[in-house]
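Chemist: Below is the structure I would like to discuss, written out as structure tokens.
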Amino acid sequence: MEIISLHINGSRRELEADPEMPLLWVLRDLLGMTGTKYGCGVGRCGCCTVHLNGVAVRSCQTPVVAAGGMPVTTIEGLSEQGDHPVQQAWREENTAQCGYCQAGQMMTAAALLMQIEIPDDAAIDGAMSGNLCRCGTYKRIRKAIKRAAAETGKEHAL
Ligand code: FES
Ligand code: FES
């Protein structure tokens with residue numbers, strides 16, 4: 001066990017944990033932040049996606065020690081009021097079905113839009129290919145990403 005200092009969603013948190021504990025366990029079990037979901041636990045489904053220093057990572061495959069000193073953003077911190085362009089577009093397109101995979105989907109989509117302002121179909125499919133959805137909401141996810149990109153573009157043009 002070690003004292004680990006994390007910077008999560010703009011706040012500094014100190015906790016005692018095994019440095020090799022997956023960040024996902026720390027978020028859910030030690031910090032009670034259950035927006036990030038446990039799906040496969042082996043890096044295959046994308047349910048557990050968070051941002052580490054602005055990059056989408058699988059928190060089930062990231063030892064907590066690797067997150068020390070870097071900003072971590074979870075779905076709870078994507079925006080203060082749930083009004084990030086991705087979250088708004090998800091609502092407008094009624095994207096979620098059961099919803100289980102959607103936090104991870106939105107975190108991957110938000111990271112994509114930080115890298116590519118207007119992603120084409122190939123860029124969207126490439127970025128999202130590791131996020132699985134049992135309910136098959138892929139078409140609505142693509143539509144929502146395009147809507148979020150268009151809205152972000154409009155904001156930048158103002
Ligand atoms: S729970 Fe991490 S990729 Fe599936
Ligand atoms: S919305 Fe049900 S798993 Fe994706």
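Chemist: Restricting to the stretch 79-103, name every residue that is polar (S, T, N, Q), without any contact (Cβ under 8 Å) to a residue 12 or more places away in the chain and open to solvent by 30 Å² or more (accessible area, probe 1.4 Å).
Modeler: Q81
Chemist: If you don't mind, another one. Can you tell which of T34, T62, T49 is in contact with a helix residue (DSSP H, G or I) (Cβ under 8 Å, 6 or more places away or on another chain) and either open to solvent by 30 Å² or more (accessible area, probe 1.4 Å) or free of Cβ contacts under 8 Å to residues at least 24 places away in the same chain (or both)?
Modeler: After applying the criteria, what remains is T34.
Chemist: Restricting attention to the stretch 90-100, does a residue exist that is acidic (D, E) and farther than 19 Å from V55 by Cβ?
Modeler: Checked the stretch 90-100: at least one residue is acidic (D, E) and farther than 19 Å from V55 by Cβ.
Chemist: Further, regarding this structure: Starting from the stretch 104-130, keep only residues that are over 23 Å from G77 (Cα atoms), then list their pairs with residues that are among the basic types (K, R) whose Cβ atoms are within a distance under 8 Å, requiring at least 6 positions of separation or different chains.
Modeler: Close Cβ pairs satisfying both conditions: D121/R142; D125/R142.
Chemist: Does V42 satisfy the criteria of being aliphatic (A, V, I, L, M), within 24 Å of L113 (Cα to Cα) and open to solvent by 70 Å² or more (accessible area, probe 1.4 Å)?
Modeler: no
Chemist: Where in the stretch 42-155 are there helices (runs of 4 or more DSSP H), lying wholly inside it, with at least 3 residues that are farther than 20 Å from R28 by Cβ and more than 16 Å from ligand 1 (Cβ to nearest atom)?
Modeler: Passing ranges, in order: 85-92, 102-115, 121-128.
Chemist: Let me ask you something else. G35 - would you say it is within 16 Å of ligand 2 (Cβ to nearest atom), modelled with pLDDT of 95 or more, within 22 Å of G99 (Cα to Cα) and not aromatic (F, W, Y)?
Modeler: Yes, satisfied.
Chemist: Output the number of the condition that G99 fails; it satisfies all remaining conditions of (1) more than 19 Å from Y38 (Cα to Cα); (2) out of contact with any helix residue (DSSP H, G or I) (no Cβ under 6 Å at 6 or more places or on another chain).
Modeler: That leaves (1) as the condition not met.
Chemist: Follow-up. So if I check each of E20, E76, which one is among the acidic types (D, E), over 14 Å from the mean Cα position of the chain (by Cα) and open to solvent by 40 Å² or more (accessible area, probe 1.4 Å)?
Modeler: Answer to the check: E20.
The values are calculated or read from the model by the stated rules, or taken from the named source; none is laboratory data. This one's a predicted model, so the numbers in the text were calculated from it and none came from an experiment. Backbone-built Cβ (ideal geometry, glycine too); neighbour counts: all protein chains shown. Remember, those area values only see protein heavy atoms, side chains included, never the ligands or the DNA or RNA. Shrake-Rupley method; radii C 1.70, N 1.55, O 1.52, S 1.80 Å.
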